[in-house]
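The values are calculated or read from the model by the stated rules, or taken from the named source; none is laboratory data. What you are looking at is a predicted structure, and each value in this text was computed from that prediction instead of being measured. Note that we place each Cβ from the backbone using ideal geometry, even for glycine, and neighbour counts take in every protein chain shown. These accessible areas exclude ligands, DNA and RNA; they are computed on the full protein's heavy atoms, side chains included. Shrake-Rupley method; radii C 1.70, N 1.55, O 1.52, S 1.80 Å.
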Amino acid sequence: MRYGLFCMLLLTAMQAPLVVAQPLQNAGFESPQAGQDLPASWRSGSDGIGGYEEGFYLVARDTKKRRSGQASLRIERIKPGQYGTLYQTIPREALRGLRIRLRGYIATRQVTEGQAGMWIRMDNGPATLSMDLMMGRGPSGDTDWQPFEMDAPIPPEATAVAIGVYLMGGGTAWYDDLELDVLTEADLPATSDAATRYVNQALDAMEQYALRRDSVDWPQLRLDTFRAAAGAQTPADTYPALRYALGRLGDRHSHLIEPMSIARDTAPAPETAPLGRLTRPRGERLDDRIGYLWLPTVGMAAPAQHAAFADTLQTIIAALAAQGVCRWVLDLRDNDGGNMWPMLAGIGPLTDADTLGAMVNRDGSKMSWWYADGTAGLNQIPQLSVTPNLPKRHMPVAILQGPRTASSGEIIAVSFIGQADARSFGAPTAGLSTGNTSFTLSDGAIMNLTTSVYADRTGRTYGGPIAPDVAVAEDATMDTARAWLLEQGACDR
């Protein structure tokens, strides 16, 4: 899942924070809530978004596996969902310092398609100032107890700090012996010249290219960012400060990807798993010659894995067409973005035009995305080609979308706006319909900076949530879409 949307889902899930009187209560998860398996002073943060309350993840104390004491915390996925998390919120006045350091132990079992980790969020009332989670740094697979830590600066305008743990993907994770240190200026060394140059490199790019740069007080942001980076010795030490600065841009989409995460996600896949860590798209033939396609998020991966994803999707389309499918449901409800090209190249045969949308910059210039003859590209530059290279099918397509449809998932939704015999069903999308430009920093970290908004083939621009053609509750979305498809009569043509 993309970092930006995961943060946004957590924000949406936690509108009523649980404020505790002192820093990090029940940090070892020893004390239970009265009559519940949850630990006291903590709150499940999955509220209504594929989590604990809906039965996707089990979040509970565990007295059988623990590092110390009588209990640990267990998060276990029991059916596919977005994530499971537990958190508590600490008032700013209880944290009298410049930054905090969260430490704890994590163990995992069969964690796939994601990772376990900890997270820190800085709030100003209902607004979020910054958020950091251990994307690319947390454990996955099978691991015994390991120590982890993360730092976060406390912005001067923060009124509260949220501390949490999470499991994203399948499997089980355990957490124990959390500790929270509050660091003052006296605890920190002078910021090194290398760290200062690194922060300036990132801030210079933000000031020059950010979509909303005209609304930013740059002298103040620089001052606050360097305060947040106080004591940094290496580029990696400045990551929390840069995330804070990116959050201050106000676009909700700009984010930083660390070199460790890049190296892990772009590693070559074994021959036995050509998609690597990518989630496989799915398809099936429904009644009345309707084909159902589930298009998942496409994360960072090696080029061969992205090509394998697109080939897999077109192979599924070809197999369903061979079974007589002549109407299509394209489900984007779990697609929160990532790399657009495997999605676009894979789904291209269902589009009815070559140019499908555009990124519109602040000056009005455009970069159009397209699919033609087995290749997806931007302007005149091909980005990814498929081996199956199916012809365009010109059949009715029902798009399913919702609040988890984000970023590149929204690009696919936009690609069908204005298409004959295409209609979208569900709820407004997440509102990350903005284009990011990647800037590689000196240590290999990538700063994805929001620089444009999406436009459909008719020229309409977005930049926020994309409304469906037909608004419908999620539990009725599929039935409504199928009823519309049956009205189109394409199988008789």
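A few comments on the model shown:
- Scanning region 202-223 turns up one or more residues that are assigned to a helix (DSSP H, G or I) and among the aromatic types (Phe, Trp, Tyr).
- Restricted to strands (runs of 3 or more DSSP E) entirely inside region 31-115, those with at least 2 residues that are of a type in the set (Lys, Arg), crowded, with 20+ Cβ neighbours inside 10 Å and at pLDDT 90 or above are 72-77.
- Considering Leu486, Leu449, the condition of being open to solvent by 30 Å² or more (accessible area, probe 1.4 Å) and out of contact with any His (no Cβ under 8 Å at 6 or more places or on another chain) is satisfied by Leu486 alone.
- Residue match in region 361-378 (condition: closer than 19 Å to Leu286 by Cα and open to solvent by 10 Å² or more (accessible area, probe 1.4 Å)): no
- Only one entry of Arg248, Arg243, Arg197, Arg212 meets the criterion of being charged (D, E, K, R), open to solvent by 60 Å² or more (accessible area, probe 1.4 Å) and modelled with pLDDT under 95, and that entry is Arg248.
- When residues of region 383-407 are limited to those that are under 22 Å from Thr450 (Cα atoms) and open to solvent by 10 Å² or more (accessible area, probe 1.4 Å), the one modelled with the highest pLDDT: Gln383
- Number of the exception - Ser424 against (1) in contact (Cβ under 8 Å) with a residue 12 or more places away in the chain; (2) out of contact with any strand residue (DSSP E or B) (no Cβ under 6 Å at 6 or more places or on another chain); (3) of a type outside the set (Val, Ile, Thr): (2)
- Pairing residues of region 305-318 that are at negative phi with residues that are open to solvent by 20 Å² or more (accessible area, probe 1.4 Å) and part of a helix (DSSP H, G or I), at Cβ distances under 9 Å and at least 6 apart in sequence or on separate chains, gives His306/Trp341; Ala310/Trp341.
- Annotation: Met300 fulfils all but one of (1) surrounded by fewer than 23 Cβ atoms within 10 Å (Cβ to Cβ); (2) at pLDDT 95 or above; (3) within 21 Å of Asp334 (Cβ to Cβ); the unmet one is (2).
- Among the residues of region 259-277, those that are hydrophobic (A, V, I, L, M, F, W, C), without any contact (Cβ under 8 Å) to a residue 40 or more places away in the chain and surrounded by 14 or more Cβ atoms within 10 Å (Cβ to Cβ) comprise Ala269, Leu275.
- Test: Pro189 is farther than 14 Å from Thr108 by Cα, open to solvent by 10 Å² or more (accessible area, probe 1.4 Å) and of a type outside the set (A, V, I, L, M, F, W, C): yes
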